[in-house]
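Let me begin by presenting the structure, written as structure tokens, before commenting on it.
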Amino acid sequence: MRLALALGKTLSELDQLMSAQEFMLWQSFDDLEPLGERRADIRNGMAMALYANVHRAPNAAAFRPIDFMPYDRGYVEEEARRAARVQAEISAKARVFFDAYRSRQQLKG
């Protein structure tokens with residue numbers, strides 16, 4: 001639904017225009033760079049945490065962006081764990097790619 005809103009399309013239009021493979025790519029992109037209000041909530045949480053930390057007592061615990069986000073903590077923490085897994089998978093694939101590339105370059109050289 002968020003993707004349709006972000007692209008200015010109806011769900012029916014997306015169904016006709018987008019392949020399953022492209023939709024999965026969009027889902028992966030949304031895992032790394034959330035679309036819509038979720039991203040706005042993250043930015044707002046960061047700004048509010050910054051403001052609160054500037055004005056907190058010197059010995060008080062620091063505020064985190066999650067402290068100002070309107071989700072229950074379990075949901076946000078699970079999303080953070082999922083994003084970390086996705087990032088680790090992408091990093092691992094990038095390492096394999098670049099290792100193979102360097103090996104190929106060494107064979108040429």
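The values are calculated or read from the model by the stated rules, or taken from the named source; none is laboratory data. Keep in mind that what you see is a predicted model, and the values were worked out from it rather than measured. Neighbour counts run over all protein chains shown; Cβ positions are idealised from the backbone, glycine included.
A few remarks follow.
Table: residues versus (1) surrounded by 10 or more Cβ atoms within 10 Å (Cβ to Cβ); (2) farther than 20 Å from S28 by Cβ.
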{"position": "D67", "(1), (2)": "yes, yes"}
{"position": "E89", "(1), (2)": "yes, no"}
{"position": "A94", "(1), (2)": "yes, no"}
{"position": "F97", "(1), (2)": "yes, no"}
{"position": "Q106", "(1), (2)": "no, yes"}
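- Scanning the stretch 69-87 for residues that are in contact (Cβ under 8 Å) with a residue 12 or more places away in the chain and not in a helix (DSSP H, G or I), we see that the one that is nearest to M24 (Cα to Cα) is Y71.
- If you go through the stretch 25-39 and pick out every residue that is loosely packed, with under 11 Cβ neighbours inside 10 Å and assigned to a helix (DSSP H, G or I), you end up with 2.
- Residues of the stretch 24-43 satisfying the condition of being touching a residue at least 24 places away in the same chain (Cβ under 8 Å), within 8 Å of the chain's Cα centre (by Cα) and within 10 Å of R2 (Cβ to Cβ): D30
- Test: residue in the stretch 7-20 that is out of contact with any Gly (no Cβ under 8 Å at 6 or more places or on another chain), at positive phi, exposed (fewer than 13 other Cβ atoms within 10 Å of the Cβ) and not aromatic (F, W, Y): yes
- Cross-chain or 6+ apart pairs with Cβ under 6 Å, the stretch 52-67 first and at pLDDT below 90, then among the β-branched types (V, I, T) and not in a loop (DSSP other than H, G, I, E, B): I66/V76
- Residue within the stretch 51-62 that is of a type outside the set (G, A, S) and under 20 Å from the mean Cα position of the chain (by Cα) present: no
- Evaluated against (1) surrounded by 11 or more Cβ atoms within 10 Å (Cβ to Cβ); (2) touching a helix residue (DSSP H, G or I) at 6+ places or on another chain (Cβ under 7 Å); (3) at pLDDT below 85, M46 falls short on exactly one condition, (3).
- Flag for M48 being in a helix (DSSP H, G or I) and either over 27 Å from M69 (Cα atoms) or within 16 Å of the chain's Cα centre (by Cα) (or both): no
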